[in-house]
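The values are calculated or read from the model by the stated rules, or taken from the named source; none is laboratory data. All figures in this text were calculated on a predicted structure; none of them were measured in a lab. Ideal geometry is used to build each Cβ from the backbone, glycine not excepted, and the neighbour counts take in all protein chains shown. Each accessible area value is taken on the protein alone, full model and side chains, heavy atoms only, with ligands, DNA and RNA left out. Shrake-Rupley method; radii C 1.70, N 1.55, O 1.52, S 1.80 Å.
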Amino acid sequence: MLRYPTTVRTLRNLMENPPQTAAQQKVHFHYNHTDSCKFSRWTSRECYEFMYARPWHKVVDFYADMVKGHTSLSGLFGKETPADHEDAEIREDHEKSELVNIPVKDKSRDKSGRWARANFMIVLSYHGGSFDGWQKQPDLNTVQGLVERSLGEFVDEKKAQLLKDKNLPLEACALVAGRTDKGVSASQQVCSFYTWRKDVKIEDVKAALDKAAPGKIRVVSLTKISREFHPNFSAKWRHYLYIFPIDDVLGEKQGGQIWIDGSTDVHQQNECGKSDVDKSNVNEINDENDELIHGNKPTKFEVGKVNRLLGQLEGKLLSYKMFARDTKASRNIGPPTECFVFHARAIETSIPCAKDGSHMKTMCIELVANRFLRKMVRVLVATAVREAAAGADDDALLKLMDATCRRATAPPAPPDGLCLVDVGYTDYDIRHCLIP
């Protein structure tokens, strides 16, 4: 009897205030920018829609031609490929150890234990659109999974028997300089594996990898190297390039509403390859009240402005936690968030479209740093474009370092435009850069 009045009151409250659905409860919070550009800056949704409405399929095709050897990144800027990255490079282990600044053990000493292992350094080029990222995952086509299956035939007998006893597939263990996300391509990704077998030949390893997925992955170089070498911990810098389409194919008839730098409206530009956006969201944005088209927000940006924004990051050790995504809590504060950017530039160029022989105008953003946080490059690219369009000060990216929430930066740009160019094991030299 004591519970009866409580039950009646509960039912009455539910009738007067029915529970909201998940869609009704979902609220989007926007970071409260306080600078003079706060009203001209795109929201996260507007930035996302703009980024994914670009003709990314042409960039994806360009990277596919790069992996096949039909074109090169250095060719876009009229530079020759560095001599230490020639195709099918085969060097002696002492020469390669000097290249990556790793001392060679005295060969006169009898090798035993872990030093008896043969360590191989592999430089790979692969097409990001053909894989679900680097890291091996169940039921997904990943680069690591493909590489380790291909190297399984070179595993020593003891490990092979151990895997067989556990009913596991015959696979090697590959270490990598840096894991790339789904859709991200690589020109010269560095990985390594070891074996205790003495009869493994470099030519056999290269042949096994090249035949794994022709046209999707290719061995750039393969060498024996010191056991002390680790592709991640031995690296001194990483080199990325982001190709951002700023115009439709040169020479083609342009139609629709002008968006940014000559590109067409998202309704006219519906060839986005794997990065095609949800049409329902596009229709939702293009209504009568849309600020991006019908309001006072700017619809153009200059590549030179992006270059000035990025240039402020050069030569500084900064915390990039506001530009990272999906990181562990332990890596969100302190030194784990600090990166030293050696080189940050943007330039306008064009990429060839092999299918029709035309060219597409693009903006290329080049970043070289000692390390990068998860999705950091893609967030930097998207935020730099957003700030350039809003007309922010040249030090806008530096000011965002002090933000209190990651909503202050833009959502990550599509992975289709990103490519891991190279990984360095000697001191940084600007001659390795593509954009002067």
Report task. Inspect all residues belonging to segment 407-419 and state whether any of them is open to solvent by less than 10 Å² (accessible area, probe 1.4 Å) and farther than 29 Å from residue 132 by Cα. Result -> no
Query raised in the report: Residues in segment 429-436: is at least one open to solvent by 10 Å² or more (accessible area, probe 1.4 Å), in contact with a Phe, Trp or Tyr (Cβ under 6 Å, 6 or more places away or on another chain) and either over 21 Å from residue 314 (Cα atoms) or hydrophobic (A, V, I, L, M, F, W, C) (or both)?
Result: yes
**Report entry** Test: residue 326 is closer than 28 Å to residue 190 by Cα and surrounded by fewer than 19 Cβ atoms within 10 Å (Cβ to Cβ)
**Finding:** yes
Report task. Specify the residue that is modelled with the lowest pLDDT; the eligible residues are those in segment 298-323 that are in a loop (DSSP other than H, G, I, E, B), open to solvent by less than 20 Å² (accessible area, probe 1.4 Å) and under 23 Å from residue 391 (Cβ atoms). Result -> 301
Requested in this report: Among what's in segment 347-387 and is touching a Cys at 6+ places or on another chain (Cβ under 8 Å), of a type in the set (A, V, I, L, M) and part of a strand (DSSP E or B), pick the residue that is most open to solvent (accessible area, probe 1.4 Å).
Outcome: 347
Report task. Kindly indicate whether any position in segment 388-410 is out of contact with any His (no Cβ under 9 Å at 6 or more places or on another chain) and assigned to a strand (DSSP E or B). Result -> no
